[in-house]
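Below you'll find the structure, written out as structure tokens, and then a few comments.
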Amino acid sequence: MTIDERLEALAQSVELLHLSQSDTNEKIRRLAVIAEQSEVRAGQNEVRAGQMMEAIQRLARIADIHETRIRQLE
């Protein structure tokens, strides 16, 4: 193999590495977007869970009040 052939092979290898790195960079960017979206959803779910817990607590209080009234009627 001549020096020119080796240089050509090296140039091709570098080009392939560059393309591979570009592809990897794009995948990392996509993953970062997905991670950010997941973080937003997690925050929204946390808010919803808090709202549901408040609603459950209100319902429990209402149930206690009704139970107390029923006992008083008996």
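Numerical summary
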| item | result |
| --- | --- |
| Among Ala32, Ala42, Ala60: highest mean-square fluctuation, GNM of the chain, C-alpha pairs under 10 Å | Ala60 |
| Thr24-Thr2 FRET efficiency (beta carbon distance; Förster radius 35 Å; 0.05 resolution) | 0.60 |
| Net charge dipole size for the chain [Lys, Arg +1 and Asp, Glu -1 on Cβ; Debye, nearest 20] | 700 debye |
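Rule-based calculations on the coordinates, nothing more; no lab input. All of these numbers come straight from a predicted model, not from anything done at the bench. In this analysis, Cβ positions are derived from the backbone assuming ideal geometry, glycine residues included, and neighbour counts consider all displayed protein chains.
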